[in-house]
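Below you'll find the structure, written out as structure tokens, and then a few comments.
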Amino acid sequence: MTYIAKPRMHHPTLEVNKVGYTRRDYEGKISTLCAGCGHDSISAAIIQACWELDIEPHRVAKLSGIGCSSKTPDYFLGASHGFNTVHGRMPSVLTGANLANRSLLYLGVSGDGDSASIGLGQFAHAMRRGVRMAYIVENNGVYGLTKGQFSATADSGSKSKKGVVNSDSPVDLVAMALQLGATYVGRGFSGNKEQLVPLIKGAMAHGGAAFIDVISPCVAFNNHPGSTKSYDYIREHNEAVSRIDFISERSEIKAEYAPGEVVDVRQHDGSLLRLRSLHADYDPTDRYAAMAFMQQHQARGEVLTGLLYVDPLATDLHTALNTSDKPLNTLEAGQLCPGSQVLEKINASLR
Amino acid sequence: MNARVPIPTIQAVNDFVVKFANVNGSGSASANELFAKAILRMGVPVSPRNIFPSNIQGLPTWYEVRVTEQGWLGRRGGVDMMVAMNPQTWDADIAEITPGGYLFYDSTRPLPPSKFRDDIHVIGMPLTEICNAVYSDPRQRQLFKNIVYVGALSVLLEIEPEVVEKLFGEQYKGKEKLLASNVQALHLGRDFAKEHLKWPLGIRVRRADRVGDSIFVDGNSAAALGCVYGGATVAAWYPITPSSSVAEAFQKYCGKYRVDPATGQNAYAIVQAEDEIASIGMVVGAGWNGARAFTATSGPGVSLMTEFIGLAYFAEIPVTIINVQRGGPSTGMPTRTQQADVLSCAYASHGDTRHVLLFPEDPHECFEHAACALDLADRLQTPVFLMTDLDIGMNQRLCRPFAWDDAKAYDKGKVMTAEELEAGKDFGRYKDVDGDGIPWRTLPGTHPTKGSYFTRGTTRDPYARYSERGPDYIYNMERLLRKFRTAATLVPQPVVQVAATPTRLGVIYFGSTSPAMQEALHALATQGVHVDAMRLRAFPFPDSVREFIDVHEQVFVVEQNRDAQMRSLLVNELEADPGKLVKVLHYDGTPITARFITGAILGHVGEKVQ
């Protein structure tokens with residue numbers, strides 16, 4: 001019900017972050033999604049993460065494709081410019097926007113229909129290119145907005161609400177992201193905010209292409225027995241590889257741990273990901289080990305969640321293209337136009 | 001030849017057509033270009049055209065050079081001299097020579113008399129034998145053979161060798177060995193010709209002063225340079241014939257002119273995307289975020305882009321698309337020219353859409369219109385197409401030099417600033433405040449609490465709030481029409497050429513038809529047929545186009561596609577009387593000629609007289 005305006009005032013003692021904003025300042029409009037939709041939890045996690053990161057809301061650009069998940073940018077960061085693009089093509093628009101102004105933070109929100117079917121190509125190439133972004137897929141195994149068709153992430157053998165069995169193999173976006181060179185890859189669950197918020201924080205602080213696949217059950221069409229993306233199924237099969245604390249560069253490190261209990265990963269911007277390992281043999285900085293680990297555990301029916309891989313020093317497309325530090329959209333004729341004298345020389349060379 | 005039968009001889013100074021038939025990938029392209037440039041440097045206009053196959057190596061390629069003191073740069077039709085270097089296409093090449101014309105070929109291996117004609121002058125030179133005697137490396141033998149024949153031609157046609165040597169000097173500056181060997185090859189050819197061949201031929205070159213300060217450049221390079229001057233910072237593209245060289249030229253020019261001398265950083269970003277959809281998506285994202293962005297493609301690419309074009313139209317985002325048109329439909333004729341995308345671009349995407357099209361006539365206008373397109377896209381907040389074609393894009397054309405006014409500022413259009421927002425200025429993203437149909441926009445990251453909105457392809461109210469209410473939708477759609485009417489006043493206006501005597505006949509044309517049209521108008525006038533001419537330079541059409549049609553009894557609409565697309569656009573947009581608009585259609589993939597236009601108009605006029 002986006003026509004109902006949210007009241008702007010808030011409780012006077014609502015906590016303020018380091019840039020002077022309360023959590024309310026990171027909210028958007030009221031959600032029109034179904035009650036109990038996983039996506040709303042993800043929106044709440046995004047709000048929490050941005051507030052905790054001391055990001056100024058208007059310095060984020062939020063882009064999405066088409067689908068239930070792609071509607072959600074309207075429900076968070078109301079002070080940010082948003083762009084609901086076309087189905088499956090958010091990555092290219094995000095890339096172009098990023099090229100125009102490297103000083104903003106880019107949040108791409110998509111769904112499994114948007115990114116694993118029509119958008120599979122653009123998803124893949126955005127990962128390959130290393131565009132600096134936090135790309136979140138809100139994954140429920142179905143096309144919610146068009147009423148319940150299987151998506152490409154639906155597991156083989158899983159059942160639709162009407163009892164139809166899916167015979168196609170699923171697309172595993174996390175495995176693809178790893179294979180294609182994404183430098184921050186995680187999986188979350190909308191029902192586990194404690195894990196999701198630091199995952200998102202790490203992604204937004206990351207220097208390269210960050211991808212998080214968030215299982216987000218669709219209460220309307222895919223939350224029944226036989227679904228492998230339901231609340232029940234995920235709770236039963238969730239295998240977290242680590243617990244994550246995200247510590248921004250300006251915060252103190254609070255707790256001490258015995259050696260071997262944590263893996264500390266410091267990112268380019270100085271922020272720290274402290275990963276309390278739940279699996280002794282899991283190394284989140286080894287891409288190929290992560291891929292192998294995932295295949296083995298997923299074959300056993302486990303849904304691996306957490307920060308699966310990170311290259312803390314990853315750089316992005318701007319670095320590769322050596323673009324000016326000053327955003328391209330701020331450059332003026334003085335830096336862009338060679339002028340009439342140069343043109344005369346060019347003319348002379350063409351005679 | 002042993003024929004004593006008298007054959008005609010084509011005699012012409014500075015007015016003839018030489019066609020080179022080569023195998024592509026053999027190094028002939030640079031030798032042939034050298035030939036053309038040498039004549040140019042003698043002050044005689046030339047108009048060369050590449051005719052190349054959709055392949056990389058081994059298939060036939062032709063280079064047709066029209067030498068024209070009068071400056072008629074359109075394709076003429078007919079061949080006065082064939083330099084037949086490709087056995088594969090021999091028969092067709094020989095058949096193309098006008099009776100009385102000349103055949104130049106490699107006589108190393110003898111050919112039976114049946115391979116020749118008895119109404120042409122045959123000039124044989126044992127090129128392979130000459131080269132094999134002097135060069136031992138097979139690559140050198142192949143490459144220098146081309147320079148040797150240029151040398152021979154320079155004698156036959158009286159092209160000054162000093163001019164050719166000067167060109168070598170410029171091309172191989174700093175590479176002394178290459179310079180010396182090329183000069184040597186040139187004289188190898190010249191010496192043989194002087195000693196063994198009859199020269200000069202009936203067709204020959206005389207120094208003149210008809211080039212002036214014209215430049216010689218291809219349209220794609222010109223468009224790319226226009227994008228640099230016009231302030232484009234983001235380019236996303238996907239390779240497709242014949243537009244790839246736009247992006248490549250942009251890369252080259254940016255490498256030279258857009259690198260900050262202090263930091264070494266690039267004031268540009270070019271991405272070769274994974275397909276045309278991603279290309280246009282990046283352009284949309286960059287345009288949304290306030291950077292001037294463009295893509296270059298051809299017909300098939302535009303087809304892929306149409307969904308995004310519709311989004312840019314309805315969400316009102318600046319986007320520049322360079323369409324170097326080629327033969328359609330489908331994969332069509334990738335290496336042949338056509339003006340086949342007029343309707344598909346004017347009305348690209350589903351629903352009620354209309355887009356701004358610019359029609360440059362030559363490389364000079366490619367430069368000017370590319371920069372203009374970037375301004376128009378920002379001002380109008382809409383897609384703008386630069387409609388060129390393979391003929392302009394991939395051939396070097398003699399044209400007026402590029403010009404730039406240093407006092408000219410970029411027109412970034414209506415972008416609201418943080419100060420204006422802070423001062424409380426009312427901001428409705430899709431609201432018409434100035435009456436011209438163009439709303440104000442804000443860029444991401446401008447103000448902490450004001451000015452943000454959601455961009456999407458769905459319908460909305462003037463404040464960008466989602467709305468399915470009929471009146472909101474109608475307001476929006478009517479405003480877009482108002483904006484398009486404003487566009488008609490801002491785009492390059494048509495150019496009218498009034499005939500020497502008052503006439504009831506008119507002709508409308510656009511783009512690469514122009515050099516052939518100039519020549520045709522001249523030829524028609526000498527035959528007493530006077531026609532007023534209007535060259536369209538853009539769509540939407542200003543009122544002057546309707547007026548032009550109104551004051552003439554018959555208006556020929558000359559274009560290079562099968563379905564008379566521009567004529568349809570005129571009828572549809574201006575409600576022009578179709579009975580008045582006579583189609584003149586040339587669409588076989590070759591550039592239109594003056595002969596074709598003249599023949600069509602005379603034929604029609606003749607019919608009417610009867």
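The values are calculated or read from the model by the stated rules, or taken from the named source; none is laboratory data. These numbers come from a predicted model, not from an experiment. Cβ atoms come from the backbone with ideal geometry, glycine included; neighbour counts cover every protein chain shown. The accessibility values were calculated without ligands, DNA or RNA, using every heavy atom of the protein model including side chains. Shrake-Rupley method; radii C 1.70, N 1.55, O 1.52, S 1.80 Å.
Applying the condition of being under 11 Å from B:S54 (Cα atoms) and not basic (K, R) to the stretch B:333-347 and asking which residue is most open to solvent (accessible area, probe 1.4 Å) yields B:M333.
Given the criterion open to solvent by 10 Å² or more (accessible area, probe 1.4 Å) and of a type in the set (A, V, I, L, M, F, W, C), identify the matching residue among B:A371, B:A377, B:A418.
Numbers: B:A371 fails: open to solvent by 10 Å² or more (accessible area, probe 1.4 Å); B:A377 fails: open to solvent by 10 Å² or more (accessible area, probe 1.4 Å).
Unique residue meeting the criteria: B:A418.
Tell me which of these B:G310 doesn't satisfy, since it passes every other one: (1) facing chain A (nearest Cβ under 8 Å); (2) in contact with a His (Cβ under 7 Å, 6 or more places away or on another chain). Among (1) facing chain A (nearest Cβ under 8 Å); (2) in contact with a His (Cβ under 7 Å, 6 or more places away or on another chain), the lone unmet condition for B:G310 is (1). In this structure, is B:I549 under 19 Å from B:E361 (Cα atoms) and either open to solvent by less than 40 Å² (accessible area, probe 1.4 Å) or in contact with a His (Cβ under 9 Å, 6 or more places away or on another chain) (or both)? The answer is no for B:I549. Residue-level analysis places A:V93 outside the set of residues that are of a type in the set (A, V, I, L, M), more than 7 Å from chain B (Cβ to nearest Cβ) and within 23 Å of B:I317 (Cα to Cα).
With respect to B:S245, is the statement that it is more than 7 Å from chain A (Cβ to nearest Cβ), open to solvent by 30 Å² or more (accessible area, probe 1.4 Å), in contact (Cβ under 8 Å) with a residue 24 or more places away in the chain and assigned to a helix (DSSP H, G or I) true? Lay out the reasoning, then the answer.
Working: more than 7 Å from chain A (Cβ to nearest Cβ): yes; open to solvent by 30 Å² or more (accessible area, probe 1.4 Å): yes; in contact (Cβ under 8 Å) with a residue 24 or more places away in the chain: yes; assigned to a helix (DSSP H, G or I): yes.
Answer is yes for this residue.
State which residue is nearest to B:L156 (Cα to Cα) when the search covers only the stretch B:174-188 and only residues that are open to solvent by less than 40 Å² (accessible area, probe 1.4 Å) and small (G, A, S). Checking each candidate, the answer is B:A185.
Within the stretch B:248-264, the only residue that satisfies the criterion of being buried (at least 20 other Cβ atoms within 10 Å of the Cβ) and not in a helix (DSSP H, G or I) is B:R258.
Residues satisfying the criterion are present in the stretch B:152-175 (criterion: in contact with a Gly (Cβ under 7 Å, 6 or more places away or on another chain) and closer than 19 Å to B:M85 by Cβ).
Take the stretch B:358-396 and flag every residue that is hydroxyl-bearing (S, T, Y) and closer than 18 Å to B:F314 by Cα. Spell out how you get there, then give the answer.
Within the stretch B:358-396, the subset hydroxyl-bearing (S, T, Y) is B:382, B:388.
Of everything in the stretch B:358-396, just one residue is hydroxyl-bearing (S, T, Y) and closer than 18 Å to B:F314 by Cα, namely B:T382.
Pairing each residue of the stretch A:331-345 that is of a type in the set (S, T, N, Q) with any residue that is surrounded by 14 or more Cβ atoms within 10 Å (Cβ to Cβ), provided the two are 6+ apart or on different chains, yields C-beta distances under 6 Å for A:Q335/B:A267; A:S340/B:W404. The residue that is farthest from the other protein chains (Cβ to nearest Cβ), among those in the stretch B:269-289 that are open to solvent by less than 20 Å² (accessible area, probe 1.4 Å) and assigned to a loop (DSSP other than H, G, I, E, B), is B:A273.
Taking only the stretch B:195-236 into account, find how many residues are assigned to a helix (DSSP H, G or I), hydrophobic (A, V, I, L, M, F, W, C) and either more than 9 Å from every other protein chain (Cβ to nearest Cβ) or in contact with a His (Cβ under 6 Å, 6 or more places away or on another chain) (or both).
First pass over the stretch B:195-236, keeping only residues assigned to a helix (DSSP H, G or I): B:195-196, B:219-229.
Going one step further and asking which of them are hydrophobic (A, V, I, L, M, F, W, C), we end up with B:222-225, B:227-228.
Going one step further and asking which of them are either more than 9 Å from every other protein chain (Cβ to nearest Cβ) or in contact with a His (Cβ under 6 Å, 6 or more places away or on another chain) (or both), we end up with B:222-224, B:227.
Final tally of qualifying residues: 4.
Does A:H11 count as modelled with pLDDT of 95 or more, farther than 23 Å from B:A269 by Cα, surrounded by fewer than 24 Cβ atoms within 10 Å (Cβ to Cβ) and out of contact with any strand residue (DSSP E or B) (no Cβ under 8 Å at 6 or more places or on another chain)? It is false that A:H11 is modelled with pLDDT of 95 or more, farther than 23 Å from B:A269 by Cα, surrounded by fewer than 24 Cβ atoms within 10 Å (Cβ to Cβ) and out of contact with any strand residue (DSSP E or B) (no Cβ under 8 Å at 6 or more places or on another chain).
Scanning the stretch B:436-464 for residues that are of a type outside the set (D, E), touching a residue at least 40 places away in the same chain (Cβ under 8 Å) and part of a loop (DSSP other than H, G, I, E, B) gives B:G437, B:I438, B:P439, B:L443, B:P444, B:G457.
If a residue has to be touching a strand residue (DSSP E or B) at 6+ places or on another chain (Cβ under 6 Å) and either more than 8 Å from every other protein chain (Cβ to nearest Cβ) or at negative phi (or both) to count, how many in the stretch A:309-330 make the cut? First the steps, then the outcome.
Going through the stretch A:309-330, the residues touching a strand residue (DSSP E or B) at 6+ places or on another chain (Cβ under 6 Å) turn out to be A:309-310, A:312, A:321-323.
Narrowing the set further to residues that are either more than 8 Å from every other protein chain (Cβ to nearest Cβ) or at negative phi (or both) leaves A:309-310, A:312, A:321, A:323.
Of the residues in the stretch A:309-330, 5 are touching a strand residue (DSSP E or B) at 6+ places or on another chain (Cβ under 6 Å) and either more than 8 Å from every other protein chain (Cβ to nearest Cβ) or at negative phi (or both).
What number of residues within the stretch B:467-503 are small (G, A, S) and open to solvent by 30 Å² or more (accessible area, probe 1.4 Å)? Number of matching residues: 2. Residue selection: A:K229 fails the criterion of being part of a helix (DSSP H, G or I), at negative phi and open to solvent by 10 Å² or more (accessible area, probe 1.4 Å).
Just name the residue that is least open to solvent (accessible area, probe 1.4 Å) out of those in the stretch A:166-176 that are in contact with a strand residue (DSSP E or B) (Cβ under 8 Å, 6 or more places away or on another chain) and without any contact (Cβ under 8 Å) to a residue 24 or more places away in the chain. So that I can check it myself, show each step before the final result.
Of the residues in the stretch A:166-176, the ones in contact with a strand residue (DSSP E or B) (Cβ under 8 Å, 6 or more places away or on another chain) are A:166, A:168, A:173-174.
Narrowing further to those that are without any contact (Cβ under 8 Å) to a residue 24 or more places away in the chain: A:166, A:168.
On the way: A:N166: 15, A:D168: 100 Å².
Of everything passing the filter in the stretch A:166-176, A:N166 is least open to solvent (accessible area, probe 1.4 Å).
Checked against (1) open to solvent by 10 Å² or more (accessible area, probe 1.4 Å); (2) more than 30 Å from B:P48 (Cβ to Cβ), B:A315 passes all but condition (1).
So A:D112 fits all but one of (1) in contact with a Ser or Thr (Cβ under 7 Å, 6 or more places away or on another chain); (2) of a type in the set (D, E); (3) within 14 Å of chain B (Cβ to nearest Cβ); what number is the exception? Answer for A:D112: the failing condition is (3).
The set of residues in the stretch B:583-605 that are under 17 Å from B:L524 (Cα atoms) and either open to solvent by less than 30 Å² (accessible area, probe 1.4 Å) or among the β-branched types (V, I, T) (or both) comprises B:V584, B:I592, B:T593, B:A594, B:I597, B:T598, B:I601, B:V605. State which residue pairs qualify: first residue farther than 26 Å from B:V415 by Cβ and inside the stretch B:359-387, second residue open to solvent by 10 Å² or more (accessible area, probe 1.4 Å) and part of a strand (DSSP E or B) in any location, beta carbons under 8 Å apart, and separation of 6 or more residues or different chains. Qualifying pairs under 8 Å: B:E361/B:R535; B:D362/B:R397; B:P363/B:D218; B:P363/B:R397. Only a single criterion out of (1) more than 15 Å from B:T458 (Cα to Cα); (2) at the interface with chain B (Cβ under 7 Å from one of its Cβ atoms); (3) open to solvent by 10 Å² or more (accessible area, probe 1.4 Å) is not satisfied by A:R102, namely (2).
Could you go through the stretch B:85-98 and let me know if any residue there is touching a residue at least 60 places away in the same chain (Cβ under 8 Å), at positive phi and assigned to a strand (DSSP E or B). No; the residues of the stretch B:85-98 include none that is touching a residue at least 60 places away in the same chain (Cβ under 8 Å), at positive phi and assigned to a strand (DSSP E or B).
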